[in-house]
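Some notes on the structure that comes next.
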Amino acid sequence: MAGDLIRRNLEKDIYDILLSLHITDEEALQNTPSRLAEALLELTEGMRNKDDRFDEIFSSTFPTTSKELVLVKDIRTESLCPHHFLPVIYRINFAYIPNGKAIGLSKIPRFISLLAHQPKLQEDFTQEVADVFMSRVNPIGCMVIVKGTHSCILLRGVRQSAEVVTSAVRGAFTRGDLKEEVLKVMGL
């Protein structure tokens with residue numbers, strides 16, 4: 001019910017923005033507010049009911065005796081730049097070492113995408129991925145490498161196709177030899 005009200009208010013506001021930009025095409029005014037509202041709700045879903053969603057995601061763990069590297073490469077997700085509200089496309093490499101329990105592999109991209117779906121600096125997003133995983137799973141360590149392509153850099157200002165890389169290293173991965181080994185396996 002509250003979601004419907006939010007959506008209707010967004011659609012009205014988007015309609016008004018289109019008119020302010022002198023966009024008067026009937027097709028744009030008829031369908032675009034609804035499509036853009038839906039896109040914005042999807043790209044900000046990480047701001048709503050996050051803790052409940054984390055409880056669900058992190059409830060699927062399995063006992064393991066392995067204390068070896070688990071690496072999920074090339075997770076693709078999207079976000080919004082908090083300064084321009086333009087899309088950011090992320091590719092994430094995520095590694096961890098279990099400490100008595102392993103998480104379902106599909107849960108890793110799921111929780112990362114949930115965290116990405118909010119307007120947040122890439123630097124803060126990267127740190128949050130590592131911190132949430134450490135607090136919820138308690139692994140021996142984890143390492144997150146995020147590569148972002150920012151539309152705000154590509155489409156305005158300097159108009160360059162630069163890739164931004166950030167990292168977060170926790171626990172055992174702070175050891176230089178282990179960190180180098182993982183970077184090598186990641187192909188970095």
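The values are calculated or read from the model by the stated rules, or taken from the named source; none is laboratory data. Bear in mind the structure is a predicted one, so any value in this text is a computation, not a measurement. Every residue, glycine among them, receives a Cβ derived from its backbone with ideal geometry; neighbour counts consider all protein chains shown.
Conditions tested, residue by residue: (1) of a type in the set (Ser, Thr, Tyr); (2) assigned to a helix (DSSP H, G or I); (3) closer than 23 Å to Tyr96 by Cα.
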position	(1), (2), (3)
Leu19	no, yes, no
Leu36	no, yes, no
Leu40	no, yes, no
Gly46	no, yes, yes
Ser59	yes, no, yes
Phe62	no, no, yes
Glu78	no, no, yes
Selection from the stretch 128-166 of residues farther than 30 Å from Ile97 by Cα, surrounded by 15 or more Cβ atoms within 10 Å (Cβ to Cβ) and among the β-branched types (Val, Ile, Thr) yields Ile153
Suppose the filter is modelled with pLDDT of 95 or more and closer than 25 Å to Lys184 by Cα; does Ser113 pass it? yes
Long-range neighbours under 8 Å by Cβ, at least six apart or interchain, first residue without any contact (Cβ under 8 Å) to a residue 12 or more places away in the chain and closer than 12 Å to Val88 by Cβ within the stretch 136-161, second of a type in the set (Val, Ile, Thr) and assigned to a strand (DSSP E or B): Ile153/Val164
Among the residues of the stretch 73-93, is there at least one that is in the same structural domain as Lys179 (by TED's automatic domain parsing), of a type outside the set (A, V, I, L, M) and closer than 16 Å to Val169 by Cβ? yes
Using the structure shown, decide if Lys184 is closer than 30 Å to Leu86 by Cα, out of contact with any His (no Cβ under 8 Å at 6 or more places or on another chain) and not hydrophobic (A, V, I, L, M, F, W, C). no
